[in-house]
Structure formats: C-alpha cells, structure tokens
Amino acid sequence: MIKVGIVGATGYAGAELVKILSVHPDAEIVFLGSRGYAGEAFSRVYGNMYEIVDLACIDDGDSSFMADLSKKADVIFTATPQGVCAGLVNDDILSNTKIIDLSADFRIKDVDVYEKWYGIKHAAPQYIKEAVYGLCEINRDAIKDTRIIANPGCYTTCSILTAYPMVKAGLIDTDTLIVDAKSGTSGAGRGAKTQNLFCEVNENIKAYGVTNHRHTPEIEEQLGYACGHEVVINFTPHLVPMNRGILVTEYATLIKHSDGSLPTQEEVMNIYKEAYDKEKFVRVLPAGTNPETRWVEGSNYTDIGFKIDERTGRIIMMGALDNIVKGAAGQAVQNMNIMFGLAEDTGLDMPPVFP
C-alpha cells in the first residue's frame, strides 16, 4: 500500500483528495493536515465522509511536522496556497518521500516570472528544474522518475489540453490565440471571502484578472514547449454561479496550406484523435457536439470539441472539466499512479455524475 499524507486536507482540493484516496485500492491515508481544523475529526468538517474516514486533522501550520511525515508517507500531497510547499521541502524531505504539489510553486521554470506574477519570493528555487509539470497526457514519461510533481491547476489543464494538439501540429497562429475561460465558484477555494458569498455570485457572471491572471504564463510556457517558440496569449477567466466546472472557449487563426486552403474538419479531427485516442481521461467529442460542464462533473475526464469557421479562417476549440477533479485532486492522483507504476485510472475510474 502507498502511504499518503495530505497537507491542506480541509480545502476543496484537499477534501477531494481524501474522497478519492479513501477508496483507492492501493493507497492508505496516514496524515490529514489542517491549520483551521487541527484536532477535529475530518468527518466533522466534511460530513459526507462520516464512517468512511476516521482520522483527525493534525496541525500543519508549522513545518516541523514534515520531517516525521516524510518518514511515514511514501508521497505527500500539498493542497496549499502558493509559497507553502516551497517552504516545506528540503533535501532531507525529498530523500524520504515524493511530493505532489497542487499549488503553482514549481510549475513555472523561470523563477523571475513566478515571482513577478505571484508577487512572492520563491523559497526553494533550487528544486524548480527537477520538478516535472504533471500534465499526465503530455509529460507521462518524465512523471515516472521524479521526486516533485507540479500538479497543474484547473484553468491551465483545460486551456492547455484543448489547444495543445493544434499548437504542436503548427496548424494555428499562436499570436492570435485567445482563451476565454469560465469557472465555478469552488475554484476560488473554501476561504470566506465577501466576493464569493451567495448573494454576490448568484445571478451574475463576471470577468476577473483581465490581462493579468497569474495562470497566463503557465499556459504560455507549456504551449511554447509544444510549438518550440514563445507563445503570448490573451487569457480571460470568468466566475459563474455554479459549484464545479471549467469551460474554455479558445479562438485562433488557422494556418493555411501551401495551396491557400484551410485545414478541413476531418484533418483537424485526425490531429485530435492522434493526440488523445489512447488517453483514458480525454474525450474528443463527435463533430457538432460541444463540451458541457455537466457531462464531466465529478469525474477525471476532459471533454474537447472544435468547430472551423471558414468565413473568418479561424478555429474555435472548446474544453470542459471538473475543476476539483481533473483540475486538481484527480489529476494529482493520476500523477501518483504513474509515479508508483499503477494503472493510470486506479481509483479514478468513476463516470461523471448527473444531475
């Protein structure tokens, strides 16, 4: 059995990790950390886990717990705000255990870019190079042999997977790429914030982080690896009044063939099929079917569709996922499965829930 510790277990992503790992056939949870609920039974915080998880939360507000935990746990998930994981890891910790970090601390390879967009000083830049960006469908081989996984976030996972095949194939002009993204309110976390109250969110939709959302450089960096040159995009997220889900709609100008013709529907479909046909958790939808968040809710799936606009010479690419599962905890468990040589869908083979 894989011994698992979860730091930040009482946030939404942490709680989803607990739910998934509590029924994972090859994992045993040995530590649940929480600053706000130290000493309380986890099932008192999340009643859905009553008589399923009987562990009490342990205070993870002081990094001293990590040395002992690293000797008990084969892998530690850190579902914590930016900057926390970087302040917890050191050579001794990493010699004992593996880290799967759900924050952005090790996602961006340029420390100056990280510090600029996140507004904090990086506490452990020496580990950035070895950390692997844990987008399983793209970096599977590198994930197998690393000590640190930088688990991608929800906006980035959906945005990258949706455009990646077209960017890699060189069929779109990346200078024209626009990503319009919408998220449910759980993406903002469980902390009490006025702007996330029911009366503030209900019957409303709003853009935020316009031109400066901190996931922008992460999307640009990963798409840049796909095409081999710098990518600069417009990324605009929106908050919508639903619990879970990410929907991205991405627009880009198609690169014409040498004879002046546009790539065809069949050609583009083949590009997506070649990229994802063997992927368990990416579903390329039939032509004419657009992704919807309700069809991925509660699952580790990403649904992708597209439509070519011959009138404008553009392609509209669409993707949907559950921001807490494939956008956070589910992908983290998928990474764990790869790291420990398990079937990738172990503990994750659950269909979406509806209604």
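The values are calculated or read from the model by the stated rules, or taken from the named source; none is laboratory data. These numbers were taken from a predicted model, which means no experiment stands behind them. Note: ideal-geometry Cβ built from the backbone for every residue, glycine included; neighbour counts use all protein chains shown.
Of all residues in the stretch 21-35, those that are within 17 Å of N300 (Cα to Cα) have Cβ atoms under 7 Å from Cβ atoms of residues that are modelled with pLDDT of 95 or more and exposed (fewer than 15 other Cβ atoms within 10 Å of the Cβ), 6 or more apart or on another chain, in S22/I52.
A single entry from A56, A15, A79 fulfils the requirement of being in contact (Cβ under 8 Å) with a residue 24 or more places away in the chain and farther than 26 Å from A188 by Cβ: A56.
Residue selection: L69 fails the criterion of being touching a residue at least 40 places away in the same chain (Cβ under 8 Å), of a type outside the set (D, E) and farther than 18 Å from L17 by Cβ.
For (1) in contact with a Gly (Cβ under 9 Å, 6 or more places away or on another chain); (2) within 25 Å of K144 (Cβ to Cβ); (3) not aliphatic (A, V, I, L, M), each residue gets a yes or a no:
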site: A27; (1), (2), (3): yes, yes, no
site: R44; (1), (2), (3): no, no, yes
site: D54; (1), (2), (3): no, no, yes
site: G61; (1), (2), (3): yes, no, yes
site: A67; (1), (2), (3): no, no, no
site: P81; (1), (2), (3): yes, no, yes
site: I93; (1), (2), (3): no, yes, no
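F354 satisfies every condition listed in (1) in contact with a Gly (Cβ under 9 Å, 6 or more places away or on another chain); (2) buried (at least 22 other Cβ atoms within 10 Å of the Cβ) except (2). Note on the stretch 268-324: residues that are over 15 Å from the mean Cα position of the chain (by Cα) and not basic (K, R) total 33.
The sole residue among E230, E218 that is touching a helix residue (DSSP H, G or I) at 6+ places or on another chain (Cβ under 6 Å), assigned by TED's automatic domain parsing to the domain that holds R314 and in a loop (DSSP other than H, G, I, E, B) is E230. Within the stretch 8-39, the residues that satisfy the criterion of being in contact with a Cys (Cβ under 8 Å, 6 or more places away or on another chain) and of a type in the set (A, V, I, L, M, F, W, C) are A9, L32, A38. Taking the stretch 179-201 as the range and being over 24 Å from K109 (Cβ atoms) and not in a helix (DSSP H, G or I) as the test, the residues that pass are D180, K182, S183, G184, G189, R190, G191, A192, K193, L197. Every listed requirement among (1) polar (S, T, N, Q); (2) at pLDDT 95 or above; (3) in contact with a helix residue (DSSP H, G or I) (Cβ under 9 Å, 6 or more places away or on another chain) is met by T185 save one, (2).
Apart from one condition, T253 fits all of (1) closer than 22 Å to F354 by Cβ; (2) assigned to a strand (DSSP E or B); (3) not hydrophobic (A, V, I, L, M, F, W, C); the exception is (1). Pairs are defined by a Cβ separation below 8 Å, a sequence spacing of at least 6 or placement on different chains, a first member in the stretch 238-252 that is among the acidic types (D, E), and a second member that is assigned to a strand (DSSP E or B) and buried (at least 23 other Cβ atoms within 10 Å of the Cβ); the pairs so defined are E250/L177; E250/V179; E250/M317; E250/G319. Scanning the stretch 272-294 for residues that are surrounded by fewer than 18 Cβ atoms within 10 Å (Cβ to Cβ) and either over 16 Å from P352 (Cβ atoms) or touching a residue at least 40 places away in the same chain (Cβ under 8 Å) (or both) gives K273, E274, D277, K278, E279, K280, P286, A287, G288, E292, R294.
Out of curiosity, is E200 over 19 Å from the mean Cα position of the chain (by Cα) and not assigned by TED's automatic domain parsing to the domain that holds D110? Against the criterion (over 19 Å from the mean Cα position of the chain (by Cα) and not assigned by TED's automatic domain parsing to the domain that holds D110), E200 qualifies.
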